[in-house]
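K.L.:
I'd like to ask you about the structure that follows.
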Amino acid sequence: MMILRLLLLVAATAITFTYAEYTEQALKDQIANLPGSEDLDIDFNQFSGYLKVDGTKNMHYWMVESTKDAKNDPVVFWTNGGPGCSGLLGFFTEQGPFKPQKDGKLKMNEYMWNKVANMVFIESPCGVGFSYSDDKDDYKTGDAQTAADNYALIQEFMKRFPDLRQNRLYITSESYGGHYMPTLAKQIVDEQKTAPEEQKLNFQGFAVGNPFTTPYSGIPASVETYWGHQVVSKPTYDKWVTSCVDPTKPNTEECEALFIEFYRQVGSLNPYALDYPICLEDNMFAKYGRAQRLAFFNHWFASASADLRNAVGLPSMFEAGKSSVKGTNDYEPCEDVYTTDYLSRDDVKKAMHVNTEITWEECSYSVRYDEKDGLKSMVPIYQELINDGNNLNILVYSGDDDSVCGTVGTQSWIWDMGYGKPLGESWAEYTYDGQPSGFITKWTKEKLAFVTVHGAGHEVPTYKPAVALDLFTKYLNGEWTSVTLEKDAAQAKSATKASLKSA
C-alpha cells in the first residue's frame, strides 16, 4: 500500500527530505542518521536493507537517490567483482557519495555517480558482505545462479520502489563483473520476453570496467601488462613466451614457476594500479593488494600448488577470511582498510538496517563459486545480446594502469567479435577538461563502445574519479552508443556539404 508522507529535516545529518511517495517497507529502510556524516550537507535520500530472494536469501542493497532528478533519472545497479566481493567496495572506495576517513568520519565524494543516476549498490552473490542465508547451501553458486538471483533482486527492489520501475535501468560492474554483467543482461532479456506487465523493466544495457571476459584477459594479460610496463625482466618474459604462450604446448609446471618469478620481480607494486602508491597500514590487504584481486586469484588458482598460492598471498587471505587530470590527487591507498573499519561498527550496521552479528569483509570466503565458470568466454553472450536485436547500450571501459585485468586482455577479444570497422573514427582520443584521458572506439550500429582511461587502475573511479564520472554521464546520455546521434551528425554533415555546393 502506497502512502504519502512528509519526511522532515533531520538536523543531525543535515539531510533535507521532500515530499515523496514510498512504500512502507522503503520508509523502514531509509537511513536517517548515518554515523560519521554529522558534518556533511547531504541533499539526497538513501535506503539500506534486505531484499528476500528465493525464499531464503537475504540480499543487502544500499540505494542513494540522484541529486539531479531522482524521480526521472536512470536506476543503475552496481556490484563489484571477485567473484564474491561486496558492492560496498564500489560505494566507499569508488563512485559512491561518501569516502571513509581514518578517524571514522565520512567526507563527500565530489565525483559520486548519483549526481546523474539513482545508484543501487548490492552485495551479491548471497554470502557476500551483509547478504546472508540460514541455508548454507545458498552459498554454493556460479554464474547462472548469480544471474538468476540478481534478476530476482531487481524485481524485489522494484516492488519496494514501484515508482522507479518505468525509469531507464542499467547494470554495472567491474573485474569479474565481466562475467556478472553479460550473464545478468541475458537473464533479464530472456525473462522479460514472457514477463507479465507488472514485472516489465525498462532495461537499457550495461557498462563494465576492466572486465575478466575470457581466460586470456586474466593471468596471461597480467603477464603482458607486466612486460608492457617494464616491471619484469626480458629473460623471464622470453621464457614465458617460449613455454607458455602457445596453448597447444602446455607446460604447466614451468609456467607456474615463471609466474611465481614474475610476482617476485614485480615486488610490492600495487597490482591494481602499477604507478600508484601502496597502502602502508599494518594490514594484510595492504601487503598483498586489494581483496577483490585476491578473491579473483582464489577462484583462478583454486587447484594450484601451495607454492603458487603462497606467492600471491592466498594462505593469509584464507586465514583472514575465517576470522594530473583534475580529481586524480584524491587517491587514498588505504581507503579499503578504512571502509572495513567503518563497516565493522555496530552503530553503522544499525543505521544501515543490517544484521549486526555479521562481520563485514570486502570479499566472502563463505561463498563457494563454481571454478569452471572462470574458464568460459563471455564473448558468445555478447554476440547473442547484440546480434539478436536487443538494442542494448554496452560500454566496456578499461584503466590502462591495471595488471589484474589488463587493457591488453580486453583488446584481445573486443576487436574480434566480428563487427567490422567502427562507425566514426577508430581509436579516437578522449579528452576531459582539455587533457588527453584515453581513447574511444564506437561501433554505434551495434551500440557498443570501448573506452580506455589512461593512467587509471583496475577500479577506474578510484584512480580517475573525474574522468570516470564524465564517461559514465556520457554513457547514460547515449553519446557513445547511440545510432541516432551518429545519423544526426552524418545528416548534418551531408546538409552542410549540399549547402556549400549550392552556394
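K.L.:
Can you tell me the convex hull volume per residue for region 227-269, based on C-alpha atoms, in Å³ to the nearest whole number?
P.N.:
Expressed per residue, the convex hull around the Cα atoms of region 227-269 is 64 Å³.
K.L.:
Explain nothing, just the number: dipole magnitude of region 23-167 about its Cα centre with +1 on each Lys and Arg Cβ and -1 on each Asp and Glu Cβ, in debye rounded to the nearest 20.
P.N.:
Roughly 80 debye for region 23-167.
K.L.:
Along the Cα→Cβ direction, 7 angstrom out, place labels at D103 and A257. What is the inter-label distance in nm?
P.N.:
5.4
K.L.:
Can you list the aspartates and glutamates whose alpha carbon is less than 16 Å from that of K442, not counting same-chain residues fewer than 8 positions off?
P.N.:
D416, E425, E429, E479, E486, D488
K.L.:
Any chance you could check the Cα centroid distance between region 398-464 and region 73-109 for me, in angstrom?
P.N.:
Distance between centres, Cα-based: 23 Å.
K.L.:
Continuing with the same structure: Between E371 and S426, what length in nm is gained on full extension when 0.36 nm per residue of separation is reduced by their alpha carbon distance?
P.N.:
16.2 nm
K.L.:
For region 174-216, with only Lys/Arg (+1) and Asp/Glu (-1) charged at the beta-carbon, what is the dipole magnitude about the Cα centre, in debye rounded to 20?
P.N.:
Numbers: 3 positive and 5 negative charges, 25 e Å.
About 120 debye.
K.L.:
Which far-off residues, 5 or more places away or on another chain, put their amide H under 5 Å from the one on K140, with H placed in the peptide plane?
P.N.:
It is R368, by chain and number.
K.L.:
From the phi angles alone, apply the Karplus equation (6.51, -1.76, 1.60; θ = phi - 60°) to region 221-238 and give each ³J(HN,Hα) in whole Hz, x where the residue is Gly or Pro.
P.N.:
5, 4, 4, 5, 5, 4, 5, x, 8, 6, 10, 9, 7, 5, x, 5, 5, 4
K.L.:
From the convex hull of the Cα coordinates of region 334-457, what is the mean projected area in square nanometres?
P.N.:
11.7
K.L.:
Can you classify region 70-128 as rounded, prolate or oblate using the Cα gyration tensor, where a ≥ b ≥ c are the square roots of its eigenvalues, rounded means a/c under 1.5, and otherwise it's prolate if a/b beats b/c and oblate if not?
P.N.:
oblate
K.L.:
Roughly how big is region 159-231's charge dipole about its Cα centre, with Cβ charges of +1 (Lys, Arg) and -1 (Asp, Glu), in debye to the nearest 20?
P.N.:
220
K.L.:
Exactly which trypsin sites (Lys or Arg not before Pro) in region 110-215 are in a DSSP loop and have at most 14 other Cβ atoms within 10 Å?
P.N.:
Details: sites: K115, K136, K140, K159, R160, R165, R168, K186, K193, K200; in loops: R165, K193, K200.
For trypsin sites (Lys or Arg not before Pro) across region 110-215 that sit outside H, G, I, E and B with at most 14 neighbouring Cβ atoms in 10 Å, the list reads K193, K200.
K.L.:
Let me ask something else. How large is ³J(HN,Hα), in whole Hz, for each residue of region 171-184 in order, when computed from phi with the Karplus curve 6.51 cos²θ - 1.76 cosθ + 1.60 and θ = phi - 60°, using x for Gly and Pro?
P.N.:
Calculated HN-Hα couplings, in order: 10, 9, 5, 8, 6, 5, x, x, 9, 4, 6, x, 5, 5 Hz.
K.L.:
Can you sort T242, T172, T444 so the residue with the fewest Cβ neighbours within 10 Å comes first?
P.N.:
Numbers: T242 13, T172 26, T444 20.
Ascending Cβ contact count within 10 Å gives the list T242, T444, T172.
K.L.:
Sticking with this structure for a sec: As an exercise, use a Förster radius of 35 Å and the Cβ-Cβ distance of S482 and T23 to find the FRET efficiency, rounded to the nearest 0.05.
P.N.:
Once the sixth-power term is evaluated, E becomes 0.55.
K.L.:
Among S426, V404, L469, which residue has its Cα positioned farthest towards the positive end of the charge dipole of region 378-482, with +1 placed on the Cβ of Lys and Arg, -1 on the Cβ of Asp and Glu, and the dipole taken about the Cα centre?
P.N.:
Farthest towards the positive end: S426.
K.L.:
Let me ask something else about it. Could you give me the ³J(HN,Hα) list for region 106-116, computed from phi with Karplus coefficients 6.51, -1.76, 1.60 and θ = phi - 60°, whole Hz, x at Gly and Pro?
P.N.:
For region 106-116, the Karplus-derived couplings read 10, 10, 6, 8, 4, 10, 5, 6, 6, 6, 10 Hz, x marking Gly and Pro.
Taken together, the values in this text are just the output of simple stated rules run on the coordinates, not laboratory data. All figures in this text were calculated on a predicted structure; none of them were measured in a lab. A quick note on method: Cβ atoms are made from the backbone with ideal geometry, for glycine too, and the neighbour counts reach across all protein chains shown.
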